[in-house]
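Below you'll find the structure, written out as structure tokens, and then a few comments.
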């Protein structure tokens, strides 16, 4: 009997091994498929360039000490046009170097989007999982809460929260977390409910796996791709909404952030100084576009059935 | 489920959502602290401060304050706007008309342009025009409105001088009555053509800026659903019957492709509504959005609460209407889920 058990466990190990190989092979295939779409590749290239710019910011431009996230002010060179020596992209009315803002803005945006995406995924996945697994009244209540959160338009909700908390970059992060977790809760709940009905989950249950084991081993890994797609799209959306809040004036003035810089550049527009708003705004656009392209490409490959909504 | 039952059920959920939203909005503003500040001045002594607190029920527990707020709202008391230096109720209608005029104009731009571009691209799949329109519509979802609006401003206001900013030429509009608050309609009612031209002229740039994102979304949906329709058997049948390609496209495929597009049009309404905040700041449009933006920067709670509540309710109702239209257009839609 014990011999029997031993051989069967060896057999299962062998199965796991090949299952791993299958999974690896599938992942490789997915990557290949993603790279087949030219627009996805374009998006990916822009994403990589943006990330490089964010990571190498201290090398590309000399950090402004003591706080490199603050714009350096060169009052003597205020209102310089692009291609002025020392100010490749010109300066704002208040002597802020646009190139510095563009480069360090990438770092600010990366910080913003990474923090918000991580927090919203954790919160959303947890709440969605609870709703899906527990079901019943708990599910009903949680989903009504989600509905209420979804009934306030995104930007206006974030705007109100950031306004109440007071203007600062940290509060923008908080506001975005409160607004953006909802989608993950919905996605996760749907996934849990869908996967719960699969045969392999029944099989695991019959074999005596606990609810927690089933969740960790079967449900969570299989819900990965839709969450991943949404997270990629949100890397772009968060910067888009965050920059809009900054533009309206909810960040600290003077930080190296694209929305703040566009807002600062507005003052020179009527006098024909177009550059201070144009370049940082272009960065927001490229950032959001790149992550949207990659997210769409991922979705096409990972989850071909869902339509592109919104 | 029958359509009637579906509508009734959705109508029953609506108040629940509205109450939920009001709780969130109220809780949110109380996180920011008591709004007593705007009612006080430096000359008041503690007794007077206490009196003010009692007068506005701010000495009561927060849940009780919520009910006083709701009671006030139902009686038309939306509080005092520090930004406008007037009761919110008095300022609201005029600003609302300004914002709706802008949003509707942007909606007209988005729907007409979106459907036209989407049809054009879908009927010429994988040709040059299709590729160009696809790039435009893909970029639409990623376009920061504040940037696009500023680009338009730089090109058409600063460089070319074609379009003005603001809402109107005050000289023209002081003279005519404002029964609706919509300047284009007011001008027409007054029979003043110069004023009408002026109002339209002021509308074009902000409407295009605001409508661009929605145009892109609609065009994208229209294109993909038209392509799907054109692959259906009935299209071949219609062609085999001898109908001209143009007729098949217009009378059959486009009509069916419009069904999913309608839902997307509803979704873009929220997009337009929140976009007005940014568009109004940049084009100096005196509407709700610009009011909200200054309220946000100065912590004007009554205005923020009213604005968020109002837009959410509007958003909920529009979504409901869209879902009902959609269910009526396409009987295959499974209701209830």
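Only the coordinates and a few stated rules stand behind these numbers; no lab work does. Keep in mind that what you see is a predicted model, and the values were worked out from it rather than measured. Using ideal geometry, Cβ is built from the backbone for each residue, glycine included, and neighbour counts are taken over all protein chains shown.
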For chain B, take the longest principal axis of its alpha carbons; what is the angle in degrees between that and the long axis of helix B:46-55, to the nearest 10 within 0 to 90?
40 degrees
I want to check the label-to-label distance for residue B:43 and residue B:189. Put each point 7 Å from Cα in the C-beta direction and report it in nm to one decimal.
4.2 nm
How do A:199-212, A:76-89 rank on mean C-beta neighbours within 10 Å, highest first?
A:76-89, A:199-212
Chain B, Gaussian network, Cα under 10 Å: of B:149, B:219, B:47, the residue fluctuating most is B:47
Averaged over residues of B:20-26, the number of beta carbons from other chains lying within 10 Å of each residue's Cβ is 4
Need one value for A:256-266: mean number of C-beta atoms belonging to other chains within 10 Å of its residues' C-beta atoms.
2
I'd like the distance between the alpha-carbon centres of the stretch B:220-290 and the stretch B:133-168, rounded to an integer number of Å.
22 Å
For the protein assembly as shown, just say rounded, prolate or oblate: build the C-alpha gyration tensor, square-root its eigenvalues into a ≥ b ≥ c, call rounded for a/c under 1.5, and beyond that prolate if a/b exceeds b/c, oblate if not.
rounded
Place a point 7 Å from Cα of residue B:9 in the direction of its Cβ. Which residues in the stretch B:297-318 have their backbone N less than 19 Å from it?
B:317
Extension gain from residue B:200 to residue B:135, taking 0.36 nm per residue of separation minus the Cα-Cα distance:
20.5 nm
Would you mind pulling out the separation of the Cα centroids of the stretch A:38-108 and the stretch A:225-269, in Å?
15 Å
Rounded to the nearest 500 deg cm²/dmol, what is the calculated helix-only ellipticity per residue at 222 nm for chain B, with -39500 (n - 2.57) per DSSP H run of length n ≥ 4?
-24000 deg cm²/dmol
Per the 1/(1 + (r/R0)^6) rule, R0 = 60 Å and r from the Cβ atoms of residue B:314 and residue A:207, FRET efficiency to 0.05 is 0.70
What is the mean number of Cβ atoms from other protein chains located within 10 Å of the Cβ atom of each residue in peptide A:140-152, rounded to a whole number?
4
At R0 = 45 Å, FRET efficiency that the Cβ-Cβ distance of residue B:171 and residue A:74 yields, to 0.05:
0.55
I need the peptides B:87-97, B:306-316 ranked by packing, meaning the mean over residues of other C-beta atoms within 10 angstrom, with the highest value on top.
B:306-316, B:87-97
Between A:263, A:168, A:151, which gets the highest mean-square fluctuation from a Gaussian network model of chain A, Cα cutoff 10 Å?
A:151
Where labels lie 7 Å past Cα in the beta-carbon direction, separation of residue A:21 and residue A:49 in nm
4.2 nm
Using 7 Å Cα-to-Cβ label points, what is the residue B:255/residue B:31 separation (nm, one decimal)?
5.1 nm
Connecting every pair of Cα atoms under 10 Å apart in chain A and solving the GNM, the largest mean-square fluctuation among A:59, A:45, A:255 falls on A:59
